[in-house]
Amino acid sequence: MTQHTNQFDKAIALFDELNRADPNQELVGQEAYPKELLYSQRMTERLRIFAPDASEALQLAARCQHLCRWEIPRATFPLGRKGYNQWRSTLRNLHAEKAGKVLAQVGYKKDIIERVQFLVLKKQLKKDQETQTLEDVICLVFLEFYFAKFAEGHPDEKVIDILQKTWRKMSEDGQNAAFDLPLTPHSIHLIQRALL
């Protein structure tokens, strides 16, 4: 990865400080972690593996991709796909706005701030290489850490539909990387069914 600047380290520390306030906890072994803090660290780690030469802007975007996500609960939007999409769009704006404030606070110039926000807002997916890389990392983190639990709580048909949509959002490199993840046998079975 690119050499870190002092601003970068300060921004990461502030992102983590904000996400440490997440009231939702996730257990890893016997230890509980603030959910979005853990998610952001997983994003950084997966980006490091998937795109070791990622730019500073992309590294920042990966770390703040779910910044303060708990502030806008899903239940505040109507049920159904339309409500879900409205919620996700509102969240992306929240993440981008909060990230912009942090980046300005630590002294980043406007061009970097706008680039990070562009990536967090997932603009030009499939066209912009860095937006696509971020999306690949999001999908890989979902598959590695969250998919098995999601699959347990939903019927196979819905899970397969979600998998197919996830797969379509990924690049060929992202899809290939998915096969190297430490997935459960059931997850692998569902992915194979989804790709038929």
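The values are calculated or read from the model by the stated rules, or taken from the named source; none is laboratory data. What you see is a predicted model; the values in this text were computed from it and never measured. Please note: Cβ atoms are built from the backbone with ideal geometry, for glycine as well, and neighbour counts cover all protein chains shown.
Regarding residue 83, is this residue of a type in the set (Gly, Ala, Ser), surrounded by 14 or more Cβ atoms within 10 Å (Cβ to Cβ) and at pLDDT 95 or above? Lay out the reasoning, then the answer.
Working: of a type in the set (Gly, Ala, Ser): yes; surrounded by 14 or more Cβ atoms within 10 Å (Cβ to Cβ): yes; at pLDDT 95 or above: no.
Taking the combined requirement at face value, the residue does not satisfy it.
When only residues in segment 3-23 that are in a helix (DSSP H, G or I) and touching an Asp or Glu at 6+ places or on another chain (Cβ under 8 Å) count, which is surrounded by the fewest Cβ atoms within 10 Å (Cβ to Cβ)? Give the derivation first.
Narrowing segment 3-23 to residues in a helix (DSSP H, G or I): 6-19.
Pick out the ones that are also touching an Asp or Glu at 6+ places or on another chain (Cβ under 8 Å) and you get 8, 19.
On the way: 8: 19, 19: 24.
For segment 3-23, the residue satisfying everything is 8.
Mind telling me which of the residues 134, 121 ends up being modelled with pLDDT of 90 or more, of a type in the set (A, V, I, L, M) and surrounded by fewer than 19 Cβ atoms within 10 Å (Cβ to Cβ)? Give the steps one after another, and end with the answer.
Numbers: 134 fails: surrounded by fewer than 19 Cβ atoms within 10 Å (Cβ to Cβ).
Criteria check complete, one pass: 121.
Between a first residue in segment 86-98 that is free of Cβ contacts under 8 Å to residues at least 24 places away in the same chain and a second residue that is among the charged types (D, E, K, R) and exposed (fewer than 14 other Cβ atoms within 10 Å of the Cβ), which pairs have beta carbons less than 6 Å apart while being 6 or more apart in sequence or on different chains?
Qualifying pairs under 6 Å: 87/74.
Based on what the data block shows, is residue 102 over 16 Å from the mean Cα position of the chain (by Cα), part of a helix (DSSP H, G or I), over 24 Å from residue 165 (Cα atoms) and modelled with pLDDT of 95 or more?
Details: over 16 Å from the mean Cα position of the chain (by Cα): yes; part of a helix (DSSP H, G or I): yes; over 24 Å from residue 165 (Cα atoms): yes; modelled with pLDDT of 95 or more: yes.
For residue 102, the condition - over 16 Å from the mean Cα position of the chain (by Cα), part of a helix (DSSP H, G or I), over 24 Å from residue 165 (Cα atoms) and modelled with pLDDT of 95 or more - is met.
Which residue is nearest to residue 95 (Cα to Cα), if the candidates are limited to segment 24-50 and must be of a type in the set (Asp, Glu) and not in a helix (DSSP H, G or I)? Full working, then the answer.
First, pick out the residues of segment 24-50 that are of a type in the set (Asp, Glu): 26, 31, 36, 45.
So of that shortlist, the ones also not in a helix (DSSP H, G or I) come out as 26, 31.
Values: 26: 21, 31: 27 Å.
Among those residues, the one meeting the criterion is 26.
All but one of (1) touching a residue at least 40 places away in the same chain (Cβ under 8 Å); (2) among the charged types (D, E, K, R); (3) touching a Cys at 6+ places or on another chain (Cβ under 9 Å) hold for residue 36; state the number of the condition that does not hold.
If we test residue 36 against (1) touching a residue at least 40 places away in the same chain (Cβ under 8 Å); (2) among the charged types (D, E, K, R); (3) touching a Cys at 6+ places or on another chain (Cβ under 9 Å), just (1) comes out false.
For the subset of segment 105-125 comprising residues that are touching a residue at least 40 places away in the same chain (Cβ under 8 Å) and not in a helix (DSSP H, G or I), which member is nearest to residue 43 (Cα to Cα)?
Start the filter on segment 105-125 by keeping residues that are touching a residue at least 40 places away in the same chain (Cβ under 8 Å), which leaves 105-108, 112, 115-116, 119-120, 125.
From the residues that got through so far, the ones that are not in a helix (DSSP H, G or I) too are 106-108, 125.
On the way: 106: 22, 107: 24, 108: 22, 125: 18 Å.
Within segment 105-125, the match that is nearest to residue 43 (Cα to Cα) is 125.
Which is of a type in the set (Asp, Glu) and at pLDDT below 95, of 17, 31? Can you show your working first?
Details: 17 fails: at pLDDT below 95.
Going through 17, 31 in turn, the sole match is 31.
Can you find a residue that is among the β-branched types (Val, Ile, Thr), without any contact (Cβ under 8 Å) to a residue 12 or more places away in the chain and part of a helix (DSSP H, G or I) anywhere in segment 63-81?
Residues of segment 63-81 that are among the β-branched types (Val, Ile, Thr), as a first pass: 72, 76.
Keeping just the survivors that are without any contact (Cβ under 8 Å) to a residue 12 or more places away in the chain gives 76.
Narrowing the set further to residues that are part of a helix (DSSP H, G or I) leaves 76.
The answer is yes, given that some residue of segment 63-81 is among the β-branched types (Val, Ile, Thr), without any contact (Cβ under 8 Å) to a residue 12 or more places away in the chain and part of a helix (DSSP H, G or I).
Residues to consider are 64, 68; find the one that is out of contact with any Cys (no Cβ under 6 Å at 6 or more places or on another chain), at pLDDT 95 or above and on the phi > 0 side of the Ramachandran plot. First the steps, then the outcome.
Values: 64 fails: on the phi > 0 side of the Ramachandran plot.
Only one candidate qualifies: 68.
Starting from segment 168-196, take each residue that is touching a residue at least 12 places away in the same chain (Cβ under 8 Å) and list its partners that are surrounded by fewer than 16 Cβ atoms within 10 Å (Cβ to Cβ) and part of a loop (DSSP other than H, G, I, E, B), counting only C-beta distances under 6 angstrom and pairs at least six apart or across chains.
none
Limited to segment 66-80, what total is found for residues that are surrounded by fewer than 12 Cβ atoms within 10 Å (Cβ to Cβ) and either among the aromatic types (Phe, Trp, Tyr) or in contact with a strand residue (DSSP E or B) (Cβ under 9 Å, 6 or more places away or on another chain) (or both)?
Number of matching residues: 0.
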